[in-house]
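Right, one structure below, let's go through it.
The values are calculated or read from the model by the stated rules, or taken from the named source; none is laboratory data. These numbers were taken from a predicted model, which means no experiment stands behind them. Heads up, the Cβs are rebuilt from the backbone with ideal geometry, glycines too, and the neighbour counts pull from every protein chain shown.
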Amino acid sequence: MADAHKHPQAPEPTASDIKLVIGASSAGTVFEWYDFFIYGTLAAYVGKAFFPQVGPTLQVLLVWAGFAVGFGFRPLGAILFGYLGDKLGRKYTFLVTVALMGVATAGVGLVPTAESIGIWAPIIVIVLRILQGLALGGEYGGAAIYVAEHSPPEKRGFFTGFIQSSVVGGFVLSIIVILVNQAVFPEPVLADWGWRVPFILSLVLLAISLWMRLKLNESPVFLAMREEGEIAGNPFVESFTYPGNKKRIFVALFGVTGILTTIWYTSFFSALSFLKGPMRVDPVSVEVTIGLAALIAMVFYPMVGAWSDKVGRKLPLVIGAVATLVLLFPAFWGMGALANPGLQQSAREAPVVVSGSQCTTDPFAELSGTKLSSCGQLLETLTANGVPYTIESAADLSLTVGGEAIAIAPEWLSSDPETKKEAGAARKAGLEAALTAKGFDFSVQHPPVASLVGIGALLVLMGFLSALTYGAVAAQLTEMFPAPIRYSSMSIPYHIGAGYLGGFLPLIASYINAITGDAYAGLWYTWAVVAFGLVVAIWGLKGGPPRDFSENDA
């Protein structure tokens, strides 16, 4: 393999070169992830604009399904742009990805609503999400490898840690833009068209990103490989035929990416949905708290990367995974207790018990045409209101709160499509009134400052756990694979893991919450993926000090 640092055509980058590389790559990554995250951050407005004819639970699931679709196409983007990156170069490949992302994101902000063009509205949005997923599939690998191949080995974790921090930066930027948007536009304007502004803003961010990245030179490692004639013939095929690479891809998928991506999305997106949804916290309070926590957490990623330069890449990841298994549920229980203590207290003092037959709920029933049983309709409304409940089998349908029976009005229940909407509204109003009389509070929550600080501290803790498993990953994956097929080999497992295990997390977790009526049940998905990934990481990752890829690793 060519040594890029000794090759006459690929001199070692200067300190100013490194600063430009890190700055431009990180800024581009911030902008590109902003584009991707803005959809999830504006989920409530997106749902009302493109999925207005369904109930609230299904609307949330459809929005997260659209979110997941983008992630689902990330592996295809990784294959396509990984091939181009290994064949044509790192620089121009991720220039293409950032341009595609910016245009697709702006497009979401320009799509007419479903009320204007019907079913075409969500179809167009899904197509644009696919383009975003393709772009992101090529972006991360390009930026991470580009910085890693410019970095001296002893500082590779530290320098690439800024790329990981930039992913969080994209999330923070999306929060900031939305808060400014909410301050500028009154709610009626936001609901009408103001929510589109953050999407269209991506065109400005695209111009800045392209300007910065056009100033960069090609990776010295790629230049050295091209000079030596070591460019791979078919990087995608060789990623699976190179000696030992199948094992490395498996370990990278489950033992690295599966861990870091589920922790990341749980720490930020699940927390965002949890606090805004079942905990009913004022959206602005949630966004400010999570935004500040994420801003603080950004510092941890390069710190962990620097630590990994001394102790190796495996140790921080294993510590982070173990700590997550121990602290995940307590952290969310703590956030719930601080965010809406009345809900938990009411649920303990006046437990809700639903008795009947066929007591199951299907949040996708509206799409499949399945008719929910009377018991299922009650469960659906309780779930949508964030009310925990237990189910008991019985011949007749009944509902008790704190042991006292609640009358179920006939107008609450309907299997007729023409009256289903009216029945749902009556059921919601009736249940809320009955539960309010028993101490439940369905008003928007405005936690005191001390509680918000506590929530923020727990979010920072989750951000730290994310940094332990994510901060060194760019250096780790770069060192795991041979340079001629590096772009493809690391992008494929990373984006399969991030695309499916992580990208589908909000959808899967929301679905688990919906069918169980337990706002915390979806966390078991994260716990299971991290637990399996930890076993794979302990088995498959090499410990000890960091080192470049060697043929002896096969």
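Flag not set for Ile492, criterion: modelled with pLDDT under 95, closer than 30 Å to Tyr389 by Cα and out of contact with any strand residue (DSSP E or B) (no Cβ under 9 Å at 6 or more places or on another chain). Can you say whether Thr516 is closer than 19 Å to Ala537 by Cβ and of a type in the set (S, T, N, Q), as far as the supplied structure shows? No; evaluated as a whole, the condition is false for this residue. If the condition is being among the small types (Gly, Ala, Ser) and closer than 23 Å to Val353 by Cα, then the range 510-541 contributes Ser510, Ala514, Gly517, Ala519, Ala521, Gly522.
It is to be established whether one or more residues within the range 260-272 are within 30 Å of Asp416 (Cα to Cα) and assigned to a helix (DSSP H, G or I). There is no residue in the range 260-272 that is within 30 Å of Asp416 (Cα to Cα) and assigned to a helix (DSSP H, G or I). Given the condition in a helix (DSSP H, G or I), modelled with pLDDT of 70 or more, of a type in the set (Phe, Trp, Tyr) and under 19 Å from Ser209 (Cβ atoms), answer yes or no: does some residue in the range 41-57 qualify? Looking for residues that are in a helix (DSSP H, G or I), modelled with pLDDT of 70 or more, of a type in the set (Phe, Trp, Tyr) and under 19 Å from Ser209 (Cβ atoms), one finds none in the range 41-57, hence no.
Taken as a whole, the structure leaves Phe250 outside the set of residues that are in contact with a Leu (Cβ under 9 Å, 6 or more places away or on another chain), aromatic (Phe, Trp, Tyr) and at negative phi. Among the residues in the range 488-499, are any in a loop (DSSP other than H, G, I, E, B) and hydroxyl-bearing (Ser, Thr, Tyr)? Looking for residues that are in a loop (DSSP other than H, G, I, E, B) and hydroxyl-bearing (Ser, Thr, Tyr), one finds none in the range 488-499, hence no.
Screening Trp412 on (1) closer than 17 Å to Gln59 by Cα; (2) out of contact with any Phe, Trp or Tyr (no Cβ under 7 Å at 6 or more places or on another chain) shows it passes everything except condition (1).
The residues of the range 250-290 that are of a type outside the set (Ser, Thr, Tyr) and more than 29 Å from Phe440 (Cα to Cα), listed by number, are Phe250, Val251, Ala252, Leu253, Phe254, Gly255, Val256, Gly258, Ile259, Leu260, Ile263, Trp264.
Here is a yes/no grid of residues against (1) assigned by TED's automatic domain parsing to the domain that holds Ala331; (2) touching a residue at least 40 places away in the same chain (Cβ under 8 Å); (3) of a type outside the set (Gly, Ala, Ser):
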| position | (1), (2), (3) |
| --- | --- |
| Leu382 | no, yes, yes |
| Leu397 | no, yes, yes |
| Gly402 | no, yes, no |
| Asp416 | no, no, yes |
| Ala423 | no, yes, no |
| Leu458 | yes, yes, yes |
| Met462 | yes, yes, yes |
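For the range 134-141, the criterion of a residue being small (Gly, Ala, Ser), on the phi < 0 side of the Ramachandran plot, more than 18 Å from the chain's Cα centre (by Cα) and in a helix (DSSP H, G or I) is satisfied by no position.
On the given criteria, is Arg90 modelled with pLDDT under 85, farther than 30 Å from Pro545 by Cα and buried (at least 21 other Cβ atoms within 10 Å of the Cβ)? Considered against the rule, which asks whether it is modelled with pLDDT under 85, farther than 30 Å from Pro545 by Cα and buried (at least 21 other Cβ atoms within 10 Å of the Cβ), Arg90 comes out as no.
Filtering the range 389-407 down to residues that are of a type outside the set (D, E, K, R) and either outside any loop (DSSP other than H, G, I, E, B) or modelled with pLDDT under 85 (or both), which residue is surrounded by the most Cβ atoms within 10 Å (Cβ to Cβ)? Filtering first and then ranking leaves Val401. Among the candidates Ala297, Ala384, single out the residue that is among the small types (Gly, Ala, Ser) and either surrounded by fewer than 17 Cβ atoms within 10 Å (Cβ to Cβ) or farther than 15 Å from Leu458 by Cα (or both). That would be Ala384, the only listed residue that is among the small types (Gly, Ala, Ser) and either surrounded by fewer than 17 Cβ atoms within 10 Å (Cβ to Cβ) or farther than 15 Å from Leu458 by Cα (or both). A single entry from Glu411, Glu432 fulfils the requirement of being more than 30 Å from Phe300 (Cβ to Cβ), in contact with a helix residue (DSSP H, G or I) (Cβ under 6 Å, 6 or more places away or on another chain) and of a type outside the set (Ser, Thr, Tyr): Glu411. Only one entry in Val326, Val286, Val318 is β-branched (Val, Ile, Thr), closer than 18 Å to Gly533 by Cβ, in a helix (DSSP H, G or I) and in contact with a helix residue (DSSP H, G or I) (Cβ under 9 Å, 6 or more places away or on another chain), namely Val318.
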